[in-house]
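This report concerns only the one structure given below.
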Amino acid sequence: MHMNEQNKLFETYQKEIFRFILLKTGHLESAEDLTSESFVKFFTYIEKNKSREHHYRGLLYSIAKGLVINYYRDQRTIQIDIEDIEIVDLKDSADEQLDRAIQVEQLQTAVLMLPPALRTLIELRFIRQLEYSEIAEITGKREGAIRMGISRAIKQLKELLATALNQ
């Protein structure tokens with residue numbers, strides 16, 4: 001792979017992979033290091049397997065996921081944060097903005113209450129906006145299992161939110 005191709009792939013995916021790793025580690029310097037390491041491993045893999053067809057995005061996420069797992073193995077602590085989601089529309093009244101902020105906070109809390117595997121599926125599908133096939137490649141599961149897992153996660157989120165509203 002030529003340097004121009006590598007630069008183009010890096011520019012295309014660097015921010016996305018960095019945010020994914022930062023979301024998982026919650027530590028800026030570690031996310032920067034792991035992002036760099038992800039691309040080194042990615043380009044090394046591509047060079048060694050020139051004859052194979054590659055799905056670059058899925059391969060990068062798989063490498064990044066493995067590095068995050070190793071990071072936690074080395075750290076011996078687990079900390080998973082959900083990306084801050086802010087929805088602000090200046091046309092909305094202050095009451096509407098407050099209501100929306102409360103809804104976002106309730107959703108964030110509900111997502112954090114999901115089991116880690118389901119939380120990861122929600123993050124990949126709705127925050128990272130990956131296709132089912134890409135999530136399947138990243139997680140090493142069948143696409144049907146991914147669809148079922150996301151369906152279960154949404155059902156649990158609805159139940160958690162309904163419980164929160166009734167309190």
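The values are calculated or read from the model by the stated rules, or taken from the named source; none is laboratory data. The shown structure was predicted, so the numbers you read here are calculated from the model rather than taken from an experiment. With ideal geometry, Cβ positions are generated from the backbone for all residues, glycine too; neighbour counts draw on all protein chains shown.
Things worth noting here:
Condition check ((1) at pLDDT 80 or above; (2) surrounded by 15 or more Cβ atoms within 10 Å (Cβ to Cβ); (3) more than 22 Å from the chain's Cα centre (by Cα); (4) outside the structural domain of residue 25 (by TED's automatic domain parsing)) across all residues:
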| residue | (1), (2), (3), (4) |
| --- | --- |
| 84 | no, no, no, yes |
| 109 | yes, no, no, yes |
| 117 | yes, no, no, yes |
| 120 | yes, yes, no, yes |
| 130 | yes, yes, no, yes |
| 135 | yes, yes, no, yes |
| 151 | yes, no, no, yes |
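- Residue satisfying all of: in the range 122-144; of a type in the set (A, V, I, L, M, F, W, C) and in a helix (DSSP H, G or I); nearest to residue 60 (Cα to Cα) among these: 138
- From 152, 147, residue being part of a helix (DSSP H, G or I), basic (Lys, Arg), within 13 Å of residue 111 (Cα to Cα) and touching a helix residue (DSSP H, G or I) at 6+ places or on another chain (Cβ under 9 Å): 152
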